[in-house]
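Step one of this worksheet: look at the structure below.
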Amino acid sequence: MDNNVYQVYEDEIQALEEEIKLLTEKYEDIQQESTFFSEEEILKSIKSFQRETQGESKGHESPSDLKAQLESLETDLSFLMKLTGFQFTSHSKKTVEKTRDRTVQKHRLSGNCHSLSFQLEFQLLEVQSKEKVSSVISDLNIVMESGEDSGMSEFVSSVEERGNLATFFRSLSAYAEWVEHRRRTFLHFKAKYPEVVTLPEGLQGDYIILRNPKVSGFELMIVWKIHLDEEGTTTPVLDLLTKVPEQVLEQKMTRVESVPARFRSMVLLLGIEAALENLIKVLE
(Lines give C-alpha, C1' and ligand atoms only; values in the text may rest on other atoms or scores of the structure.)
Protein backbone atom coordinates (compact mmCIF):
# COMPACT_ATOMS: atom_id res chain seq x y z
CA MET A 1 0.00 0.00 0.00
CA ASP A 2 1.19 3.55 -0.60
CA ASN A 3 1.85 6.11 2.13
CA ASN A 4 -1.41 7.99 1.43
CA VAL A 5 -3.49 4.89 2.12
CA TYR A 6 -1.56 4.19 5.31
CA GLN A 7 -2.08 7.81 6.43
CA VAL A 8 -5.85 7.39 6.03
CA TYR A 9 -5.75 4.30 8.24
CA GLU A 10 -3.55 6.03 10.82
CA ASP A 11 -5.95 8.99 10.97
CA GLU A 12 -8.88 6.61 11.38
CA ILE A 13 -7.12 4.71 14.17
CA GLN A 14 -6.31 7.96 15.96
CA ALA A 15 -9.94 9.08 15.75
CA LEU A 16 -11.13 5.74 17.10
CA GLU A 17 -8.64 5.89 19.94
CA GLU A 18 -9.97 9.31 20.96
CA GLU A 19 -13.54 8.00 21.03
CA ILE A 20 -12.51 4.95 23.07
CA LYS A 21 -10.68 7.19 25.52
CA LEU A 22 -13.82 9.27 26.12
CA LEU A 23 -16.00 6.20 26.64
CA THR A 24 -13.64 4.30 28.92
CA GLU A 25 -13.30 7.34 31.18
CA LYS A 26 -16.95 6.77 32.14
CA TYR A 27 -16.14 3.28 33.41
CA GLU A 28 -12.73 3.60 35.05
CA ASP A 29 -11.28 5.50 37.96
CA ILE A 30 -8.95 8.14 36.53
CA GLN A 31 -6.85 7.95 39.68
CA GLN A 32 -6.03 4.29 39.10
CA GLU A 33 -2.31 3.90 38.68
CA SER A 34 -2.30 1.00 36.25
CA THR A 35 -4.97 -0.04 33.76
CA PHE A 36 -5.06 -3.22 31.65
CA PHE A 37 -7.23 -3.42 28.58
CA SER A 38 -8.54 -6.60 26.99
CA GLU A 39 -11.72 -7.58 25.23
CA GLU A 40 -12.84 -9.58 28.26
CA GLU A 41 -12.31 -6.70 30.68
CA ILE A 42 -14.06 -4.21 28.39
CA LEU A 43 -17.11 -6.49 28.37
CA LYS A 44 -16.95 -6.79 32.17
CA SER A 45 -16.80 -2.99 32.44
CA ILE A 46 -19.85 -2.69 30.19
CA LYS A 47 -21.86 -5.11 32.35
CA SER A 48 -20.76 -3.40 35.55
CA PHE A 49 -21.64 -0.01 34.15
CA GLN A 50 -25.05 -1.26 33.11
CA ARG A 51 -25.79 -2.47 36.65
CA GLU A 52 -24.58 0.75 38.25
CA THR A 53 -26.57 3.00 35.97
CA GLN A 54 -29.91 1.22 36.25
CA GLY A 55 -32.58 3.75 37.16
CA GLU A 56 -30.53 6.85 36.26
CA SER A 57 -32.29 9.83 34.76
CA LYS A 58 -32.91 10.01 31.03
CA GLY A 59 -30.64 13.05 30.79
CA HIS A 60 -27.63 10.68 30.54
CA GLU A 61 -26.68 8.29 27.76
CA SER A 62 -28.24 4.92 28.39
CA PRO A 63 -26.04 1.83 28.92
CA SER A 64 -27.45 0.31 25.73
CA ASP A 65 -26.36 3.37 23.73
CA LEU A 66 -22.86 3.24 25.19
CA LYS A 67 -22.63 -0.49 24.56
CA ALA A 68 -23.72 0.01 20.96
CA GLN A 69 -21.01 2.66 20.52
CA LEU A 70 -18.37 0.36 21.96
CA GLU A 71 -19.49 -2.54 19.77
CA SER A 72 -19.30 -0.27 16.74
CA LEU A 73 -15.80 0.82 17.67
CA GLU A 74 -14.75 -2.78 18.25
CA THR A 75 -16.06 -3.72 14.82
CA ASP A 76 -14.08 -0.91 13.19
CA LEU A 77 -10.93 -1.87 15.07
CA SER A 78 -11.40 -5.52 14.15
CA PHE A 79 -11.57 -4.53 10.48
CA LEU A 80 -8.38 -2.47 10.77
CA MET A 81 -6.61 -5.32 12.57
CA LYS A 82 -7.52 -7.74 9.78
CA LEU A 83 -6.40 -5.21 7.20
CA THR A 84 -3.02 -4.50 8.80
CA GLY A 85 -2.42 -7.89 10.48
CA PHE A 86 -2.12 -6.39 13.97
CA GLN A 87 -3.56 -8.08 17.05
CA PHE A 88 -2.90 -6.39 20.39
CA THR A 89 -2.87 -8.82 23.32
CA SER A 90 -2.16 -6.57 26.31
CA HIS A 91 -1.69 -2.95 27.27
CA SER A 92 -0.90 -1.25 30.55
CA LYS A 93 -0.16 2.31 31.55
CA LYS A 94 1.09 3.98 34.71
CA THR A 95 0.82 7.69 35.43
CA VAL A 96 4.12 8.90 36.86
CA GLU A 97 3.39 12.64 36.78
CA LYS A 98 0.20 14.68 36.41
CA THR A 99 -0.26 18.42 36.66
CA ARG A 100 -2.76 20.86 35.23
CA ASP A 101 -1.08 21.04 31.84
CA ARG A 102 1.37 18.14 31.85
CA THR A 103 0.94 14.35 32.04
CA VAL A 104 3.65 11.71 31.92
CA GLN A 105 2.68 8.04 31.53
CA LYS A 106 4.62 4.82 31.04
CA HIS A 107 3.06 2.36 28.60
CA ARG A 108 3.59 -1.32 27.93
CA LEU A 109 2.08 -2.91 24.84
CA SER A 110 2.36 -6.37 23.38
CA GLY A 111 0.84 -8.10 20.39
CA ASN A 112 1.60 -9.63 17.05
CA CYS A 113 1.45 -8.73 13.40
CA HIS A 114 0.63 -11.88 11.45
CA SER A 115 3.25 -14.36 12.78
CA LEU A 116 5.62 -11.77 14.30
CA SER A 117 5.34 -10.98 18.01
CA PHE A 118 6.44 -7.72 19.58
CA GLN A 119 6.60 -5.92 22.92
CA LEU A 120 6.86 -2.17 23.42
CA GLU A 121 7.73 0.02 26.38
CA PHE A 122 7.77 3.80 26.17
CA GLN A 123 7.12 6.99 28.07
CA LEU A 124 4.51 9.42 26.78
CA LEU A 125 4.61 13.12 27.66
CA GLU A 126 1.44 15.12 26.91
CA VAL A 127 1.51 18.90 27.28
CA GLN A 128 -1.76 20.83 27.18
CA SER A 129 -1.71 24.36 25.79
CA LYS A 130 -4.50 26.72 24.85
CA GLU A 131 -4.28 25.75 21.19
CA LYS A 132 -3.56 22.02 21.27
CA VAL A 133 -2.16 18.97 23.04
CA SER A 134 1.38 18.00 22.06
CA SER A 135 2.79 14.52 22.64
CA VAL A 136 6.37 13.32 22.85
CA ILE A 137 7.52 9.69 23.04
CA SER A 138 10.75 8.84 24.84
CA ASP A 139 12.55 5.82 26.35
CA LEU A 140 11.18 3.60 23.59
CA ASN A 141 12.21 -0.04 23.89
CA ILE A 142 11.10 -2.65 21.33
CA VAL A 143 11.51 -6.41 21.61
CA MET A 144 10.92 -8.41 18.43
CA GLU A 145 10.84 -12.19 18.03
CA SER A 146 12.40 -12.19 14.58
CA GLY A 147 15.27 -14.63 15.00
CA GLU A 148 18.64 -13.50 13.70
CA ASP A 149 17.33 -11.00 11.13
CA SER A 150 19.99 -8.28 11.15
CA GLY A 151 17.83 -5.98 9.02
CA MET A 152 15.02 -6.07 11.58
CA SER A 153 17.49 -5.42 14.42
CA GLU A 154 18.91 -2.36 12.67
CA PHE A 155 15.42 -1.06 11.89
CA VAL A 156 14.30 -1.48 15.51
CA SER A 157 17.40 0.35 16.75
CA SER A 158 16.67 3.21 14.36
CA VAL A 159 13.03 3.47 15.49
CA GLU A 160 14.02 3.39 19.17
CA GLU A 161 16.50 6.20 18.60
CA ARG A 162 13.93 8.37 16.83
CA GLY A 163 10.96 7.39 19.00
CA ASN A 164 8.80 7.04 15.89
CA LEU A 165 5.99 4.55 16.63
CA ALA A 166 4.05 5.39 13.45
CA THR A 167 7.02 4.29 11.32
CA PHE A 168 7.38 1.13 13.38
CA PHE A 169 3.77 0.00 12.95
CA ARG A 170 3.57 0.96 9.27
CA SER A 171 6.83 -0.78 8.35
CA LEU A 172 6.18 -3.83 10.53
CA SER A 173 2.82 -4.32 8.81
CA ALA A 174 4.44 -4.34 5.35
CA TYR A 175 7.30 -6.59 6.48
CA ALA A 176 5.04 -9.08 8.26
CA GLU A 177 2.73 -9.19 5.23
CA TRP A 178 5.66 -10.30 3.06
CA VAL A 179 6.68 -12.90 5.65
CA GLU A 180 3.13 -14.24 5.68
CA HIS A 181 3.01 -14.22 1.85
CA ARG A 182 6.24 -16.24 1.74
CA ARG A 183 4.84 -18.74 4.25
CA ARG A 184 1.63 -19.21 2.26
CA THR A 185 3.59 -19.58 -0.99
CA PHE A 186 5.86 -22.27 0.48
CA LEU A 187 2.82 -24.09 1.88
CA HIS A 188 1.05 -23.97 -1.49
CA PHE A 189 3.95 -25.49 -3.44
CA LYS A 190 4.72 -28.08 -0.76
CA ALA A 191 1.11 -29.27 -0.87
CA LYS A 192 0.98 -29.23 -4.68
CA TYR A 193 4.39 -30.84 -5.35
CA PRO A 194 5.26 -32.89 -2.24
CA GLU A 195 7.79 -35.08 -4.10
CA VAL A 196 9.73 -32.10 -5.44
CA VAL A 197 9.50 -29.46 -2.69
CA THR A 198 11.27 -29.81 0.68
CA LEU A 199 11.17 -27.33 3.57
CA PRO A 200 14.25 -28.00 5.74
CA GLU A 201 13.39 -25.19 8.19
CA GLY A 202 9.63 -25.49 7.95
CA LEU A 203 7.20 -22.82 6.79
CA GLN A 204 8.94 -20.10 8.79
CA GLY A 205 12.26 -20.68 7.01
CA ASP A 206 13.55 -18.45 4.23
CA TYR A 207 14.37 -21.12 1.65
CA ILE A 208 13.04 -24.26 -0.01
CA ILE A 209 14.78 -27.17 -1.73
CA LEU A 210 13.62 -28.48 -5.09
CA ARG A 211 14.71 -32.03 -5.97
CA ASN A 212 14.40 -33.88 -9.25
CA PRO A 213 13.02 -37.35 -8.36
CA LYS A 214 14.64 -38.78 -11.49
CA VAL A 215 18.16 -37.39 -10.93
CA SER A 216 19.83 -38.36 -7.67
CA GLY A 217 21.77 -35.56 -6.03
CA PHE A 218 20.31 -32.77 -8.18
CA GLU A 219 18.94 -29.91 -6.04
CA LEU A 220 17.90 -26.32 -6.47
CA MET A 221 17.75 -24.08 -3.41
CA ILE A 222 15.40 -21.09 -3.65
CA VAL A 223 16.44 -18.48 -1.09
CA TRP A 224 13.77 -15.88 -0.34
CA LYS A 225 15.04 -13.13 1.94
CA ILE A 226 12.92 -10.18 3.03
CA HIS A 227 15.10 -7.13 3.57
CA LEU A 228 14.04 -4.31 5.90
CA ASP A 229 16.25 -1.23 5.91
CA GLU A 230 16.66 1.40 8.63
CA GLU A 231 14.06 3.64 6.99
CA GLY A 232 11.46 0.86 7.11
CA THR A 233 11.39 -0.05 3.41
CA THR A 234 10.70 -3.74 2.76
CA THR A 235 12.22 -5.49 -0.27
CA PRO A 236 11.88 -9.20 -1.18
CA VAL A 237 15.14 -10.66 -2.49
CA LEU A 238 15.15 -14.05 -4.24
CA ASP A 239 18.05 -16.10 -5.51
CA LEU A 240 18.73 -19.63 -6.70
CA LEU A 241 21.61 -21.91 -5.75
CA THR A 242 22.35 -25.19 -7.53
CA LYS A 243 23.62 -28.54 -6.36
CA VAL A 244 24.39 -30.72 -9.37
CA PRO A 245 26.04 -34.19 -9.58
CA GLU A 246 29.57 -33.96 -10.98
CA GLN A 247 28.83 -36.06 -14.04
CA VAL A 248 25.88 -33.84 -14.99
CA LEU A 249 27.89 -30.70 -14.32
CA GLU A 250 30.64 -31.82 -16.68
CA GLN A 251 28.18 -32.43 -19.50
CA LYS A 252 26.01 -29.33 -19.09
CA MET A 253 28.25 -26.82 -17.33
CA THR A 254 27.12 -23.77 -19.31
CA ARG A 255 23.41 -24.49 -18.98
CA VAL A 256 23.66 -25.13 -15.23
CA GLU A 257 25.59 -21.91 -14.61
CA SER A 258 22.92 -19.87 -16.38
CA VAL A 259 20.02 -21.22 -14.28
CA PRO A 260 20.25 -18.67 -11.40
CA ALA A 261 20.30 -15.69 -13.79
CA ARG A 262 17.38 -17.10 -15.78
CA PHE A 263 15.40 -17.64 -12.57
CA ARG A 264 15.94 -14.03 -11.47
CA SER A 265 14.78 -12.88 -14.89
CA MET A 266 11.63 -15.00 -14.61
CA VAL A 267 10.88 -13.47 -11.19
CA LEU A 268 11.06 -9.98 -12.69
CA LEU A 269 8.97 -10.89 -15.73
CA LEU A 270 6.40 -13.31 -14.30
CA GLY A 271 6.35 -12.72 -10.56
CA ILE A 272 7.48 -14.96 -7.71
CA GLU A 273 4.73 -17.59 -7.82
CA ALA A 274 4.77 -18.03 -11.61
CA ALA A 275 8.57 -18.26 -11.65
CA LEU A 276 8.53 -20.99 -8.99
CA GLU A 277 5.75 -22.84 -10.80
CA ASN A 278 7.70 -22.88 -14.06
CA LEU A 279 10.89 -24.01 -12.33
CA ILE A 280 9.16 -26.86 -10.51
CA LYS A 281 7.47 -28.08 -13.70
CA VAL A 282 10.88 -28.32 -15.37
CA LEU A 283 12.05 -30.64 -12.57
CA GLU A 284 9.01 -32.92 -12.57
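The values are calculated or read from the model by the stated rules, or taken from the named source; none is laboratory data. What you see is a predicted model; the values in this text were computed from it and never measured. All Cβ positions, even for glycine, are placed from backbone atoms using ideal geometry, and neighbour counts span all protein chains on display. In case anyone asks, the SASA skips ligands and DNA or RNA and just uses the protein heavy atoms, side chains included. Shrake-Rupley method; radii C 1.70, N 1.55, O 1.52, S 1.80 Å.
Results, tabulated for the structure shown:
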read-out: Some residue of region 122-135 being at pLDDT 90 or above and small (Gly, Ala, Ser); value: no
read-out: Selection from region 220-230 of residues that are over 16 Å from Glu201 (Cα atoms) and over 16 Å from the mean Cα position of the chain (by Cα); value: Glu230
read-out: Among the residues listed as Lys98, Lys94, the single one being touching an Asp or Glu at 6+ places or on another chain (Cβ under 9 Å) and at pLDDT 80 or above; value: Lys94
read-out: Those residues of region 159-191 which are among the charged types (D, E, K, R), surrounded by fewer than 16 Cβ atoms within 10 Å (Cβ to Cβ) and in contact (Cβ under 8 Å) with a residue 24 or more places away in the chain, in sequence order; value: Glu180
read-out: Hits in region 198-216 (condition: part of a loop (DSSP other than H, G, I, E, B) and open to solvent by 40 Å² or more (accessible area, probe 1.4 Å)); value: Pro200, Glu201, Leu203, Gln204, Pro213, Lys214, Val215, Ser216
read-out: Residue that is under 16 Å from Val179 (Cα atoms) and either at pLDDT 90 or above or open to solvent by less than 80 Å² (accessible area, probe 1.4 Å) (or both), where the choices are Asn141, Asn112; value: Asn112
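For every residue, the table says whether it meets (1) assigned to a strand (DSSP E or B); (2) over 19 Å from Arg162 (Cα atoms).
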| residue | (1), (2) |
| --- | --- |
| Arg100 | no, yes |
| Thr103 | yes, yes |
| Leu109 | yes, no |
| Ser117 | yes, yes |
| Phe122 | yes, no |
| Glu126 | yes, no |
| Lys130 | no, yes |
| Ser135 | yes, no |
